[in-house]
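**Student:** Just dropping this structure here.
The values are calculated or read from the model by the stated rules, or taken from the named source; none is laboratory data. As the structure is a prediction and not an experimental result, all values here were calculated from the model. Note that we place each Cβ from the backbone using ideal geometry, even for glycine, and neighbour counts take in every protein chain shown.
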Amino acid sequence: MTLHAYRPIIAALLLLGTSSALMAAPPEVQIQIKDRGFVPAQIEVPADTKVKLVITNADTIPAEFESNDLSREVIVPGHARVEVYVGPLKTGKYEFFNDFHTASTGTLTVR
Amino acid sequence: MLGTAIIVFREILEAALIVSIVAAATRGLAGRTRLLTLGVVAGIAGALLVAGFAAQIATLAGGGGQSLFNAAVLLAAAVLISWHVLWMSRHGREMAQTLMQVSSAVGRAEKPPSALMVVVAIAVLREGSEIVLFIYGMAAGGVGVAALGSGGILGLAAGIAVGLALYFGLLRIPPGKLFAATNWILVLLAAGMVSHAGRYLVQADWLPTLGTQIWDSSWLATNGSTLGRVLSALVGYDARPSGIQLVLFMATLILITGAGWWLSRRAETAADPCRPAADTLS
């Protein structure tokens, strides 16, 4: 069989490759933990889109990024950088907090 | 102090529920106490180790290391539980008989399946490492040793009390039905763990969501509430689950019960016809 016969398959694979490559770069949102609180505490992300939250802890004290609304929890040790994917989400407000210091809260607004 | 007690209680609770179920599921087995103690001790050692290396684990895989670690540990526990449940579907009948005639049967009590020891260790490790990090954070944040210590002990005591209540509640089940009941609880536990692992894998972007927030049962119990945490530990409850969590839960349930049914049927055909074989999954 010549290469011709494989052409549609190769084309399909290339297309699949590019589309997944395009989809593999979700928007990033940076959140810093400073003095056990979130900076910024108010973040906005687009609706119906998978988003990568990059959480960096500037303190030496460990924190836990937790959200009941987002069904997410991840420990952020001192001076560590962690990634958490959320969504795709419907529009609305989603609360999150530091489970090791529950007075520190934040809101993720989906527009 | 109360703040510390509540956090410690919530973490201990999840481990205590699992330890209680394992304790009930291994009732009457020779060497059970040793098995449970070893599990808890290994879990505490593991918790200290995991807490000590938390920063290294967290930064693995480009920042998704902790989610992947949690998923791996939960999947390992689910596999071990499944292994035990399937083992029980072949030996459950004899074990129930030993329980009912304890005095005459001490000599031929089954060897305890050590798979469940590892499950206990994993449960203690997972929740324990969070407690260690939390306490460390509180201490570093200037909370005094007295407040931390008393809060920690109060939380620990309350968590263990709930665990004991569940254990003695389970023991009220008639001996002939105890293992059938604990086996079903273990199947749900394993399905919940696999589903929970799925959530961690979605969080690390290793699995597709298959739809986010399929339903919202926050009105019933939020993930952070005590009821939510109990249900999460027992059946992998999530107030806003994604599709993959539901798929994994159902798939695990079907897989274990299917395999258990097949094994007990095979044992039935192989066994003495006068003595029907174990049927712990029905």
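**Student:** Do you know which of the residues in segment B:257-270 that are surrounded by 15 or more Cβ atoms within 10 Å (Cβ to Cβ) and of a type in the set (A, V, I, L, M) is modelled with the highest pLDDT?
**Tutor:** B:259
**Student:** Of the residues in segment B:50-66, how many are in contact (Cβ under 8 Å) with a residue 24 or more places away in the chain and under 12 Å from residue A:76 (Cβ atoms)?
**Tutor:** Selection size over segment B:50-66: 1.
**Student:** Residue by residue through segment B:14-58, note down the ones that are in contact with a Lys or Arg (Cβ under 7 Å, 6 or more places away or on another chain) and surrounded by fewer than 22 Cβ atoms within 10 Å (Cβ to Cβ).
**Tutor:** Once the filter is applied, which keeps residues that are in contact with a Lys or Arg (Cβ under 7 Å, 6 or more places away or on another chain) and surrounded by fewer than 22 Cβ atoms within 10 Å (Cβ to Cβ), segment B:14-58 yields B:14, B:30.
**Student:** Tally up the residues in segment A:93-111 that are over 24 Å from residue B:135 (Cα atoms), over 15 Å from the mean Cα position of the chain (by Cα) and at the interface with chain B (Cβ under 10 Å from one of its Cβ atoms), please.
**Tutor:** Selection size over segment A:93-111: 0.
**Student:** Might you check whether a residue that is at pLDDT 90 or above, outside any helix (DSSP H, G or I), surrounded by fewer than 19 Cβ atoms within 10 Å (Cβ to Cβ) and among the basic types (Lys, Arg) occurs anywhere in segment B:171-189?
**Tutor:** yes
**Student:** Sticking with this structure for a sec: Out of A:55, A:31, A:61, A:75, report the one residue that is at the interface with chain B (Cβ under 7 Å from one of its Cβ atoms) and closer than 26 Å to residue B:197 by Cβ.
**Tutor:** Values: A:55 fails: at the interface with chain B (Cβ under 7 Å from one of its Cβ atoms); A:31 fails: at the interface with chain B (Cβ under 7 Å from one of its Cβ atoms); A:61 fails: closer than 26 Å to residue B:197 by Cβ.
From the options A:55, A:31, A:61, A:75, the qualifying one is A:75.
**Student:** I want to confirm something. Restricting to segment B:243-256 and keeping residues that are within 14 Å of chain A (Cβ to nearest Cβ) and surrounded by fewer than 23 Cβ atoms within 10 Å (Cβ to Cβ), which single residue is nearest to the chain's Cα centre (by Cα)?
**Tutor:** Ranking the qualifying residues of segment B:243-256, first place goes to B:246.
**Student:** Considering each residue of segment B:212-263, count those that are assigned to a loop (DSSP other than H, G, I, E, B) and over 27 Å from residue B:86 (Cβ atoms), and give that number.
**Tutor:** 17
**Student:** Same structure again: Based on what the data block shows, is residue B:22 more than 14 Å from chain A (Cβ to nearest Cβ) and either among the aliphatic types (A, V, I, L, M) or under 19 Å from residue B:186 (Cβ atoms) (or both)? Write out each step before concluding.
**Tutor:** Working: more than 14 Å from chain A (Cβ to nearest Cβ): yes; either among the aliphatic types (A, V, I, L, M) or under 19 Å from residue B:186 (Cβ atoms) (or both): yes.
Yes: the conditions hold for residue B:22.
**Student:** Applying the selection to segment B:23-49, what residues are small (Gly, Ala, Ser) and touching a residue at least 40 places away in the same chain (Cβ under 8 Å)?
**Tutor:** Across segment B:23-49, the qualifying residues are B:23, B:24, B:25, B:28, B:30, B:31, B:39, B:42, B:43, B:46, B:47.
**Student:** For segment A:76-111, what are the residues that are over 26 Å from residue B:210 (Cβ atoms) and assigned to a strand (DSSP E or B)? Let's see the steps before the verdict.
**Tutor:** Step one: of segment A:76-111, the residues over 26 Å from residue B:210 (Cβ atoms) are A:76-81, A:97-107.
Once the filter is applied, which keeps residues that are over 26 Å from residue B:210 (Cβ atoms) and assigned to a strand (DSSP E or B), segment A:76-111 yields A:76, A:81, A:97, A:98, A:101, A:102, A:103, A:104, A:105, A:106, A:107.
**Student:** Hey, among the residues in segment B:218-237 that are within 18 Å of residue B:67 (Cβ to Cβ) and touching a residue at least 40 places away in the same chain (Cβ under 8 Å), which one's surrounded by the fewest Cβ atoms within 10 Å (Cβ to Cβ)? Talk me through it step by step, then tell me what you get.
**Tutor:** Residues of segment B:218-237 that are within 18 Å of residue B:67 (Cβ to Cβ), as a first pass: B:223, B:232, B:236.
Okay, now just the ones that are also touching a residue at least 40 places away in the same chain (Cβ under 8 Å), so B:232, B:236.
Working: B:232: 21, B:236: 27.
Selected residue: B:232.
**Student:** Residue by residue through segment A:48-66, note down the ones that are out of contact with any Lys or Arg (no Cβ under 9 Å at 6 or more places or on another chain) and crowded, with 22+ Cβ neighbours inside 10 Å.
**Tutor:** A:62
**Student:** Moving to a separate point now. Mind checking which residues of segment B:199-217 are under 18 Å from the mean Cα position of the chain (by Cα) and either in contact (Cβ under 8 Å) with a residue 60 or more places away in the chain or more than 22 Å from residue B:255 (Cα to Cα) (or both)? If you could, list the steps in order and put the result at the bottom.
**Tutor:** Step one: of segment B:199-217, the residues under 18 Å from the mean Cα position of the chain (by Cα) are B:199-200.
If the condition is that a residue be under 18 Å from the mean Cα position of the chain (by Cα) and either in contact (Cβ under 8 Å) with a residue 60 or more places away in the chain or more than 22 Å from residue B:255 (Cα to Cα) (or both), then B:200 is the only one that fits.
**Student:** If a residue must be farther than 17 Å from residue B:175 by Cα and among the small types (Gly, Ala, Ser), how many such residues does segment B:13-56 contain?
**Tutor:** Adding up the residues that qualify gives 13.
**Student:** Scanning segment A:34-52 for residues that are among the acidic types (Asp, Glu) and either facing another protein chain (nearest Cβ under 10 Å) or assigned to a loop (DSSP other than H, G, I, E, B) (or both), which turns out nearest to residue B:63 (Cα to Cα)?
**Tutor:** A:35
**Student:** How many of the residues in segment A:81-92 are buried (at least 23 other Cβ atoms within 10 Å of the Cβ) and either closer than 16 Å to residue B:133 by Cα or facing chain B (nearest Cβ under 7 Å) (or both)?
**Tutor:** Total satisfying the criteria: 3.
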